[in-house]
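The values are calculated or read from the model by the stated rules, or taken from the named source; none is laboratory data. Just so it is clear, the structure is predicted and the values come from calculations on it, not from any experiment. Glycine gets a Cβ as well: all are built from the backbone with ideal geometry, and neighbour counts include every protein chain shown. Remember, those area values only see protein heavy atoms, side chains included, never the ligands or the DNA or RNA. Shrake-Rupley method; radii C 1.70, N 1.55, O 1.52, S 1.80 Å.
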Amino acid sequence: SAAPAEPSSRLPAGMLPVVAGLLLAVAAGGRGSAAGDQESPPGSRFVCTSLPLDAAGAGCPLPPVPMQGGALPPEEELKATVLQLRETVLQQKETIGSQREAIRELTGKLSRCESADGRSGTGSWKKELGKGKDTMGDLPRDPAQVIDQLSRTMQTLKDRLESLEHQLRANVSYAALPNDLREMLQRRLGDLERQLLSKVAELEDEKSLLHNETSAHRQKTETALNALLERVSELEKGNSAFKSPDEFKVSLPLRTNYLYGKIKKTLPELYAFTVCLWLRSSASPGIGTPFSYAVPGQANEIVLIEWGNNPIELLINDKVAQLPLFISDGKWHHICITWTTRDGMWEAFQDGEKLGTGENLAPWHPIKPGGILILGQEQDTVGGRFDATQAFVGEMSQFNIWDRVLKAEDIMNIANCSTNMPGNIIPWVDNNVDVFGGATKWPVETCEERLLDL
């Protein structure tokens, strides 16, 4: 009997499937003779030696492989299937690469959308809204459709792989495959399936993230739009009774201790000020207290008062200066008072004309901050304890305070209606004045009409 022969050379990697097929074929035909149809002597063995490809016809001829209906031999079908799987894997790698490019493109577009929103603010989306453009650029209005389409594509690839696996099982029996090749195919299919599942999970995460960011952007846009719509509705309805926020007057028709107005804002620490207002009163004796400012520890921090038969007085830190003003004739008058802590200098203007000046009124005393400013009443305590005999009776408007001494020409321009100059500390606006106890706010006469009343 022949002894086993040592292979003359190591087989190339590409010939392993062919040699495996030959071994299977020889094993299947081991009962036949190598030279003919005679049976081999009992107990004989065969040794097959690998031959190079270029010497295929020089050695033992291969026995014919049974053909079933003209189909390829199993090893050829196996090679074709492996090549097809390799092509499929390459195609799937290309598909995954293109899908990664699509994801990066979606991410870039989302970043551009967010950066454009940060730069433009409300004006940008309003402009885009006016033009009818999509704020997401050339993305569809529902980015979820793009991600769903990518997910369906990946599922289709997975279905194709499962179909190839079924075809492989149908065409090539696993029993006829070498163990190494079968395990390699199983590993490849398992790796590919895990890659597909990972990619689908990644796409789902990208879809969820994109949906959340798109929803946040949409909510921000809708919030800004709703705020504008509410503002437009307020303007259309004309909730304010006045054409302009400063075109109103406060009416205090009775001398009581409960009719008054209150300024919502308070004063900062002041080293100078100018107070201007329009007022009309015919009360007697004296018009009362047009305004008073009280702080903790000093109820008479700033007070303008005409009480009884006394002349009109300006009190600062409880110090008194008498002003040469005459305003109890029932007509509109424009009053301005300036004061500075330097030497306690003060000035008094009526209808744009300076009628008096003085000094040594609470010199070097800064006006304390954080007090309460009341219209129409004199405060004996901060914000309260009013005296009806000191209450203002009449109407007032355009009460403004500046933190500096205004020039005489500025005061003249305000008084003759040639300029509108709101106070930089206390401006006369509707939402900064509250009224109590029956005091009312009404539309005021125009500045020109008040001039004609002089």
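Across the alpha-carbon atoms of the range 182-239, the computed radius of gyration and Dmax are 24.9, 83 angstrom.
Computed over neighbours whose Cβ is under 13 Å from that of GLY308, the net charge equals -3, Lys and Arg +1, Asp and Glu -1. The residue list THR389, GLY370, ILE337 was ranked by how far each Cα lies along the charge dipole of the range 248-453 toward its positive end, using unit charges on Cβ atoms, and GLY370 comes out on top. Nonpolar atom fraction for the range 182-239, defined as the carbon and sulfur part of the 1.4 Å probe accessible area, stands at 50 percent. In loop segments of the range 315-415 as defined by DSSP, the chymotrypsin sites (Phe, Trp or Tyr not before Pro) with at most 16 further C-beta atoms inside 10 Å of their C-beta are PHE326, TRP364. When only the Cβ of Lys, Arg, Asp and Glu is charged (+1, +1, -1, -1), the dipole of the range 382-422 relative to its Cα centre reaches about 80 debye. For a label point 7 angstrom out from the Cα of ASN310 toward its Cβ, which stretches of the range 351-377 have the backbone nitrogen within less than 18 Å? Only 361-362, 376-377 fall inside the zone, counting backbone N under 18 Å. Of the heavy-atom accessible surface of the range 248-453 (probe 1.4 angstrom), what whole percent is carbon and sulfur? Ligands and nucleic acids excluded, carbon and sulfur reach 51 percent.
Each label point was placed 7 Å from the Cα along the Cα-to-Cβ direction; for ASP191 and GLU359 their separation is 9.9 nm.
The residue among SER215, GLY190, LEU203 whose Cα reaches farthest toward the positive pole of the charge dipole of the range 182-239, with charges on the beta-carbon of Lys, Arg, Asp and Glu, is GLY190. Name the shape class, rounded, prolate or oblate, that the alpha-carbon gyration tensor gives for the range 248-453, where a ≥ b ≥ c are the square roots of its eigenvalues, rounded holds for a/c under 1.5, and otherwise prolate holds if a/b is larger than b/c and oblate otherwise. It is rounded, given that a/c, with a ≥ b ≥ c, falls under 1.5.
Between the listed residues LEU406, PHE326, ASN424, the Cα displaced farthest toward the positive end of the dipole of the range 320-444, a dipole computed from Cβ unit charges relative to the Cα centre, is found at ASN424.
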